[in-house]
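Beneath this line is the structure, given in structure tokens, with notes to follow.
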Amino acid sequence: MKRLMLATATILALYAPAAYAAEHDHSAQGGHEAGMTHSGNAAHEEVLDGVKATFTVQTMADAMKAMGMEMPKGVRETHHISLSLKNLKSGKTLTEGDATIKVLAPDKSEQTKGLMAMHGHFGADFVMGAKGTYGVMCKFKASDGKVRQAKFRYTVK
């Protein structure tokens with residue numbers, strides 16, 4: 001079962017930006033600097049101390065469908081959250097570091113997971129099956145050693 005979950009997460013991570021589900025409200029709230037932006041298929045983007053953090057949220061079903069695959073049986077998680085980091089000064093994508101996300105559901109239940117580094121970004125799968133607004137809080141330490149935090153709201157319709 002662990003292998004299945006790891007394989008699913010890896011596959012989803014490869015296709016996260018392309019398979020992003022446009023059916024959700026992606027209004028970003030929160031942020032720490034005036035450099036925060038919101039664009040295209042990103043659920044949330046913000047600049048934190050010289051690093052641009054871009055978050056995508058997609059349903060697992062949509063991602064699997066976009067890849068021409070069926071959803072594996074026994075997968076409980078409903079959404080994949082990915083984090084891409086870019087050093088604004090050098091323009092380079094940051095692929096090393098540690099990241100943790102806490103998702104607060106509309107019913108106030110919480111899930112906290114470490115994000116796995118995968119092909120140029122970090123990602124993990126979460127249960128976000130209930131309709132409503134979720135709070136997403138992320139703490140990450142990029143390769144420069146600085147700890148940064150971001151938070152936003154994501155609405156599942």
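By the count of neighbouring beta-carbon atoms within 10 Å, fewest first, L88, L94 end up ordered L88, L94. For K157, the lysines whose Cα falls under 27 Å of its own Cα, not counting residues fewer than eight places away in the same chain, are K65, K73, K102, K108, K113, K131, K139.
If you rank E45, E110 by fewest surrounding Cβ atoms within 10 Å, what's the result?
On the way: E45 22, E110 10.
With the sparsest Cβ surroundings first, the list reads E110, E45.
Each residue of region 41-90 gets 91 Å³ once the volume of the Cα convex hull is shared out per residue.
Close amide H contacts of M118 (hydrogens built in the peptide plane, cut-off under 5 Å, sequence separation of 5 or more or a different chain): G123. Each of K73 and K131 was given a label point 7 Å from its Cα along the Cα-to-Cβ line. The distance between the two points is 3.0 nm.
PRE reach from A61 (point 7 Å along Cα→Cβ): which of region 124-156 fall under 19 Å by backbone N? Within reach of a label on A61, which here means backbone N under 19 Å from a point 7 Å along Cα→Cβ, region 124-156 contributes 125-134, 155-156. What residues have an amide H closer than 5 Å to that of L48, excluding those fewer than 5 places away on the same chain, when H is modeled at 1.01 Å from N in the peptide plane? Under 5 Å from the amide H of L48 lie the amide H atoms of A53, each far enough along the sequence or on another chain. Would you tally the net charge around V51, using a Cβ to Cβ cut-off of less than 10 Å, leaving V51 out, and scoring K and R as +1, D and E as -1? Once all neighbours under 10 Å are counted, the net charge is +2.
Inverting the pair-averaged 1/r between distinct Cα atoms of region 98-150 gives 12.0 Å as its Kirkwood hydrodynamic radius.
Quick note: the coordinates plus some simple rules give every number you see, no bench work behind them. All of these numbers come straight from a predicted model, not from anything done at the bench. Every residue, glycine among them, receives a Cβ derived from its backbone with ideal geometry; neighbour counts consider all protein chains shown.
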